[in-house]
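Values in this text are rule-based calculations from the coordinates and carry no lab data. Predicted model only: the values in this text are computed from it and were never measured. Cβ atoms come from the backbone with ideal geometry, glycine included; neighbour counts cover every protein chain shown.
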Amino acid sequence: MTTIYQFNINVDTPVVTTTEFCRRTGMKEPTLKEKIKNGEIPTMPKRGKELILINWALYTKQALSQPF
């Protein structure tokens, strides 16, 4: 027998700053920067000295697709 889970997820904003990401996840900033460098956290394209913006919508989608 297969169990089907249904739930709704609301993404309040598609992108967040690194500071906001750390606040929401509890991840430390150095850890986040390493994960971004390794390509583990999706970010938006960046030009020059713009802030690093994390693609929160894609991160949420990836998290939800993980087996549990």
- List the trypsin sites (Lys or Arg not before Pro) within the chain that fall in a DSSP loop (any state other than H, G, I, E or B) and whose Cβ has at most 11 other Cβ atoms within 10 Å. LYS28, LYS46, ARG47, LYS49
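At 0.36 nm per residue, minus the direct Cα-Cα distance, what do TYR5 and ARG24 gain on full extension? Give it in nm, one decimal, please. Working shown, then result.
Details: separation 19, 0.36 × 19 = 6.84 nm, distance 2.42 nm.
Result for the pair: 4.4 nm of gain on full extension.
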- Using the Kirkwood formula over every pair of different C-alpha atoms, what hydrodynamic radius in Å results for the chain? 13.4
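Using only DSSP helix segments of four residues or longer, with each worth -39500 (n - 2.57), what per-residue ellipticity at 222 nm results for the chain after dividing by its residue count and rounding to 500?
Values: 3 runs with 26 residues, N = 68.
Calculated at 222 nm, the ellipticity per residue is -10500 deg cm²/dmol.
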- Query: Setting aside same-chain residues fewer than 8 positions from LYS35, which lysines have a Cα under 18 Å from its Cα?
  - Reply: LYS46, LYS61
- Query: To the nearest Å, what is the center-to-center distance of the stretch 52-67 and the stretch 12-29, using C-alpha atoms only?
  - Reply: 11
- According to a simple spin-label model (label point 7 Å from Cα along Cα-to-Cβ), what is the distance in nm between LYS61 and ARG47? 2.4
